[in-house]
Amino acid sequence: MILALETSCDDTCAAVVTPAGVILADVVSSQGIHDRYGGVVPEIASRHHLELVNAVIDDALATAGARLDDVDLVALTQGPGLVGALLVGVATGKALAAARGLPLAPVDHLQGHVAANFLEPAPFEPPFLCLIASGGHTLLTRVADHAGYETLGRTLDDAAGEAFDKGARLLGLGYPGGPALSRLAATGDPHAFAFPTAARVAGLDFSFAGLKTALLYKVRALGEEQAARRSTDLAASYEHAIVEALMARVERAVDQTGLDRVAIGGGVAANRRLRERIAGLGVAVHVPAPELCTDNAAMIASAARWVTPLAFPDYLALDAYASA
Amino acid sequence: MAVLGFDTATPSTAVGLLRDDGTAFERRDDPPAGARPNHASRLLALVEEVLAEAGTGWDGVGRLAVGVGPGGFTGLRIGIATGRALAQARGLEVVGVSSLRALACGAPGEGVVAAVLDARRGEAFLAAYGGPETIVAPVALSPHDLAAAVAGLAPGVRAVGDGAVRFREQLERAGAAVPADGDPVHRLGAGPVCRLGAAGSPTARDSLVPDYCRAPDARPR
Ligand SMILES: [Zn+2]
């Protein structure tokens, strides 16, 4: 069995997955504490990971009905992410593996999001295009095989999930406001206001910084009272712009590559409008279960199945990396 | 059963093993001044080295002694995460050891010892001990408050640690004796960590946490 750890941001995650990709346990301990700061505080995230990680591992093993004796491979997220947070998982995973003489598979977090698609019971086989959109990353990739991906486009500034959260803050919805913004948008008119979709950004790259600024100006122009009265329309139009910005690049990539298979991942994959739009593309679409779209360790275990593991003691010096 | 001990509160990585027969083994990594600490890349490798040198496999280790700071946050977390995971993997007892007490225990001789570590941001971590007695519990202080705290200790108190070197001027003016800069007494060694760990009582794995001595910077990313 594979025991996997994921601590790249603010969720402390451990999973037990079989080599065939069957999930036996997938435990996520979310650190709700960041909400009151209006964003993830790296130092607080690191402190919580350290406090939680061993208990989360115990929980995953117990849920899987397994013991450490049953573990054949330890997998962990090596990067990218918050380096202090990553280091807790890296130090923990290395020590667990070393003390038991097990091999270790270091996994790239973004490859993990891609590999969420390979898990049972409904694995989606390459080749396909994969859009990964969350609060931390936004990229469009071509997945030719199980072991890697080619980046076709990435955000030049904010991540899509970050755009949701920043928009929600401007509308007074608190943090993390993405889901609240989508709920508000459900009853609004997505065409009431025209927000930019970074149409001038060529190719397959994304940009969301201008969108946030456009919403700020629109809210100011309307004035507090009008903005509050039209909050559903503002939310719907803002969400529409994010989804269309994502979809424009996906459609372009489908045209350019001729690939007629598309997968999505990351927290934004839970967005209903994005799901509806992508389902209407007329291509084969795969969306992993919601708990496999947001950060989790099962996807890290999945990716580890195609990583050449490092034998003991070759990984003792392994370090985390912050950026891709 | 042997005690395996390590500390990562300072830029150094210090690892030791204390056998039942009293034989001690030590390994350490000291990055040059100003260089990035090597805790992540060296700690486990040094652990394997002392285990090999002592001829003690994991089966011969019964207890872990882990330095809990105060010190650099990231280094402490690497050390404590490693300690907790080793305990989890091997079913070992674990004892948290104050890094400042370990530093003070490394200073030979009698009398009150002020253990002072460079806390960055222009501050110092201080604790003072008279033998087994804690006179000043670990605290983060400005140079001014450090001098005032040390001035209130016994005259001729010895101050050791990288913080004692850094704040030599203030400490000496406050009446402390600070050994020469290069004196090994300023380096936190794994020997005292192992000895304090052997004498202490084990804690629950999940209550082994750093003694941060400072609130986190609450700035979102
Ligand atoms: Zn992610």
Quiz item: Can you pull the mean other chain C-beta count within 10 Å for peptide A:36-44?
Solution: 4
Exercise. Compute the distance in nm between two label points, each set 7 Å from the Cα along the Cα-to-Cβ direction, one at A:R200 and one at A:R272.
Key: 3.5 nm
Exercise. Provide the FRET efficiency to the nearest 0.05 for the A:L222-A:Y37 pair, computing r from the beta carbons and using R0 = 25 Å.
Key: 0.35
Self-check item: Percent RCO, i.e. relative contact order, over segment B:44-176, from Cα pairs under 8 Å lying at least 6 residues apart
Solution: 19 percent
Quiz item: If each of A:A147 and A:T257 carries a label point 7 Å out from its Cα toward its Cβ, how far apart are those two points in nm?
Solution: 1.9 nm
Quiz item: Can you give me the relative contact order of chain A as a percent, contacts being Cα pairs under 8 Å and 6 or more apart?
Solution: 25 percent
Quiz prompt | DSSP-defined beta bridges in the protein assembly as shown - what % are antiparallel, rounded to 5 | solution = 60 percent
Practice problem: Starting from the Cα of A:A311, step 7 Å toward the Cβ, then list every residue of segment A:90-110 with an amide N under 15 Å from that point. | Solution: A:101-105
Self-check item: Distance from segment B:91-163 to segment B:54-76 (C-alpha centre basis), Å
Solution: 20 Å
Quiz item: Which distance in Å, rounded to a whole number, links the C-alpha centroids of segment A:181-219 and segment A:304-324?
Solution: 39 Å
Quiz item: Sorted by average packing, counted as other Cβ atoms within 10 angstrom per residue and highest first, what order do B:6-13, B:39-46, A:98-105 take?
Solution: B:6-13, B:39-46, A:98-105
Practice problem: Grab the DSSP H runs of the protein assembly as shown that are 4 residues or longer, score each as -39,500 (n - 2.57), total them, divide by all residues and round the 222 nm result to the nearest 500 deg cm²/dmol. | Solution: -11500 deg cm²/dmol
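Readers should treat all values here as calculations from the given coordinates under stated rules, not as data from a laboratory. Small disclaimer: the values here were computed from a predicted structure and weren't measured. So basically every Cβ, Gly included, is an ideal-geometry build from the backbone, and we count neighbours across all protein chains shown.
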